[in-house]
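Okay, structure first, notes after.
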Protein chains: 2
Amino acid sequence: MIEAAIRVFHKKGYRSASIQDVAAEVGMLKGSLYHYIDSKEDLLARIFEDSAGRFETMLQEAAGLDAPPVDRLRSFARECSLWYLQNIERVGIYVKEWQHLSGKRLKEVVRIRTDYERSLAGLIGDVKEAGEAAPDLDVDHATYFIFGALNGLPDWYRRRGPDPAERIADGYAGMIVATVIGARY
Amino acid sequence: MIEAAIRVFHKKGYRSASIQDVAAEVGMLKGSLYHYIDSKEDLLARIFEDSAGRFETMLQEAAGLDAPPVDRLRSFARECSLWYLQNIERVGIYVKEWQHLSGKRLKEVVRIRTDYERSLAGLIGDVKEAGEAAPDLDVDHATYFIFGALNGLPDWYRRRGPDPAERIADGYAGMIVATVIGARY
């Protein structure tokens, strides 16, 4: 159901899509769908929750690696870029549609986002503490810079494009690490 | 009028804002405002056109500098970051609302965007040709990465925040240059 909702919201946009469209995509009657969800907004929130868990696990794995800070950052950068590319429709919906949530659901998405930022800032802070970051690097600005770059992926990446996700993820990881540890000269 | 529209769209969001709101902000009657513009979409398009000219000049100035490629890139990166920060409401409206345009106006915004991307890709390509880019750097991916990072600025930057725009722009310029020429090790 979540996958069907992602396909529909990706294709039609959240605002134009209806519960009826999602029901048709799952092959269910609209009434039966309401057995599982309360509203369209509920469906949007479920997509984010479902993604958040997987993304969180990935961040924790990178943070928990028994490796020097720069390697932990590189590992996170690569895994994160690859996850974004492999889940590009989800990420696109997140980037474009999160502000359609309201109340508790909005608060929850903002809380999760703040958690991600804190996790990445932690990885970058470790690089800085090890004396390996660019001189004068601002950890918060670097965090925003990197998430901005990642959130731009749905603007241009198409699964059928000529570049395999693995190659793009390697490139993005290299650029993210360079952002943090500074230029060669 | 453009400045008033920016303030209104920034505060209320394009979709919720009305021509009446903009008229009130300028201190005009709604009917008089229609003397200058056709519709709310027209007003949105004018904001983008107005910004595009200034941004374009800045790009050309950086490209025309009599300096080595890396310095041209650094100059562009700093000026561009500073311009984004000093025009953060415009940039925020651009990033969030451009898809509300339609027809010719949408085509025009997409064309301008493609021009920007080509200009930045040109600067990055010059660094690469001079043999000073990171090994294996993909010029297109670096271009998208950098515009993504810049377009993320309205998500967090507030004019009244504690960090002066100049300091943030210096930091962003350093990160952008590092993205292109590669990490120190």
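The values are calculated or read from the model by the stated rules, or taken from the named source; none is laboratory data. Note that the structure is a prediction, hence the values are computed from the model and not measured. Quick reminder, even Gly has a Cβ in these numbers, built from the backbone with ideal geometry, and neighbours come from all protein chains shown.
Please go through segment A:106-157 and give me each residue that is among the charged types (D, E, K, R), assigned to a loop (DSSP other than H, G, I, E, B) and touching a residue at least 60 places away in the same chain (Cβ under 8 Å), ordered by number.
First, the residues of segment A:106-157 that are among the charged types (D, E, K, R): A:107-108, A:111, A:113, A:115, A:117-118, A:126, A:128-129, A:132, A:136, A:138, A:140, A:155.
Next cut, assigned to a loop (DSSP other than H, G, I, E, B) only: A:132, A:136, A:138.
Answer for segment A:106-157, where residues must be among the charged types (D, E, K, R), assigned to a loop (DSSP other than H, G, I, E, B) and touching a residue at least 60 places away in the same chain (Cβ under 8 Å): just A:E132.
Taking segment B:72-112, which residues are among the polar types (S, T, N, Q) and under 12 Å from the mean Cα position of the chain (by Cα)?
Of the residues in segment B:72-112, the ones among the polar types (S, T, N, Q) are B:75, B:81, B:86-87, B:99, B:102.
If the condition is that a residue be among the polar types (S, T, N, Q) and under 12 Å from the mean Cα position of the chain (by Cα), then B:S81, B:Q86, B:N87 are the ones that fit.
Suppose the filter is at pLDDT 90 or above and either in contact with a strand residue (DSSP E or B) (Cβ under 9 Å, 6 or more places away or on another chain) or in a helix (DSSP H, G or I) (or both); does B:W83 pass it?
Numbers: at pLDDT 90 or above: yes; either in contact with a strand residue (DSSP E or B) (Cβ under 9 Å, 6 or more places away or on another chain) or in a helix (DSSP H, G or I) (or both): yes.
For B:W83, the condition - at pLDDT 90 or above and either in contact with a strand residue (DSSP E or B) (Cβ under 9 Å, 6 or more places away or on another chain) or in a helix (DSSP H, G or I) (or both) - is met.
Taking B:R15 as the residue in question, decide whether it is part of a helix (DSSP H, G or I) and under 25 Å from the mean Cα position of the chain (by Cα). Walk me through it before giving the result.
Values: part of a helix (DSSP H, G or I): no; under 25 Å from the mean Cα position of the chain (by Cα): yes.
Judged against the criteria, B:R15 is not a match.
So, in segment B:23-51, exactly how many residues are part of a helix (DSSP H, G or I) and over 29 Å from B:Y116 (Cα atoms)? Walk me through it before giving the result.
Of the residues in segment B:23-51, the ones part of a helix (DSSP H, G or I) are B:23-26, B:30-33, B:40-51.
Those left that are additionally over 29 Å from B:Y116 (Cα atoms): B:23-26, B:30-33.
Residues flagged as part of a helix (DSSP H, G or I) and over 29 Å from B:Y116 (Cα atoms) within segment B:23-51 amount to 8.
Which residues, counting only those in segment B:134-171, are more than 7 Å from every other protein chain (Cβ to nearest Cβ) and hydroxyl-bearing (S, T, Y)?
The answer is B:T143, B:Y157.
Would you point out the residue of segment A:158-171, among those that are of a type outside the set (A, V, I, L, M, F, W, C) and in a helix (DSSP H, G or I), that is surrounded by the most Cβ atoms within 10 Å (Cβ to Cβ)?
Filtering segment A:158-171 down to residues of a type outside the set (A, V, I, L, M, F, W, C) leaves A:158-164, A:166-167, A:170-171.
With in a helix (DSSP H, G or I) added as a condition, the list becomes A:166-167, A:170-171.
Working: A:E166: 13, A:R167: 13, A:D170: 18, A:G171: 21.
Going through the qualifying residues, I end up with A:G171.
Name the residue that is surrounded by the most Cβ atoms within 10 Å (Cβ to Cβ), counting only residues in segment A:172-185 that are assigned to a helix (DSSP H, G or I) and facing chain B (nearest Cβ under 7 Å). Before you say what the answer is, go through the steps one by one.
First, pick out the residues of segment A:172-185 that are assigned to a helix (DSSP H, G or I): A:172-181.
Right, trim to facing chain B (nearest Cβ under 7 Å) and you get A:172, A:174-175, A:177-179, A:181.
On the way: A:Y172: 27, A:G174: 23, A:M175: 28, A:V177: 24, A:A178: 23, A:T179: 30, A:I181: 24.
Looking at residues that are assigned to a helix (DSSP H, G or I) and facing chain B (nearest Cβ under 7 Å), I get A:T179.
Given the criteria within 22 Å of the chain's Cα centre (by Cα), of a type in the set (A, V, I, L, M, F, W, C) and not assigned by TED's automatic domain parsing to the domain that holds A:Y157, does A:V8 qualify?
Details: within 22 Å of the chain's Cα centre (by Cα): yes; of a type in the set (A, V, I, L, M, F, W, C): yes; not assigned by TED's automatic domain parsing to the domain that holds A:Y157: yes.
Considered against the rule, which asks whether it is within 22 Å of the chain's Cα centre (by Cα), of a type in the set (A, V, I, L, M, F, W, C) and not assigned by TED's automatic domain parsing to the domain that holds A:Y157, A:V8 comes out as yes.
If B:E61 satisfies every condition in (1) out of contact with any Lys or Arg (no Cβ under 8 Å at 6 or more places or on another chain); (2) of a type outside the set (S, T, N, Q); (3) under 21 Å from B:H10 (Cβ atoms); (4) modelled with pLDDT under 90 but one, which is the exception?
With respect to (1) out of contact with any Lys or Arg (no Cβ under 8 Å at 6 or more places or on another chain); (2) of a type outside the set (S, T, N, Q); (3) under 21 Å from B:H10 (Cβ atoms); (4) modelled with pLDDT under 90, B:E61 is out only on (3).
What is the one condition in (1) exposed (fewer than 14 other Cβ atoms within 10 Å of the Cβ); (2) more than 14 Å from chain B (Cβ to nearest Cβ) that A:W83 does not satisfy?
Of the numbered conditions (1) exposed (fewer than 14 other Cβ atoms within 10 Å of the Cβ); (2) more than 14 Å from chain B (Cβ to nearest Cβ), the odd one out for A:W83 is (1).
Which ones in segment B:90-112 are acidic (D, E) and either within 18 Å of A:P154 (Cα to Cα) or crowded, with 18+ Cβ neighbours inside 10 Å (or both)?
We begin by selecting, within segment B:90-112, every residue acidic (D, E); these are B:97, B:108.
Correct list: B:E97 only.
Of the residues that make up segment B:53-66, is at least one in a loop (DSSP other than H, G, I, E, B) and assigned by TED's automatic domain parsing to the domain that holds B:R90?
Here is the first cut: in segment B:53-66, the residues in a loop (DSSP other than H, G, I, E, B) are B:65-66.
Next, from what is left, pick out any that are assigned by TED's automatic domain parsing to the domain that holds B:R90: B:65-66.
Scanning segment B:53-66, I find at least one residue that is in a loop (DSSP other than H, G, I, E, B) and assigned by TED's automatic domain parsing to the domain that holds B:R90, so the answer is yes.
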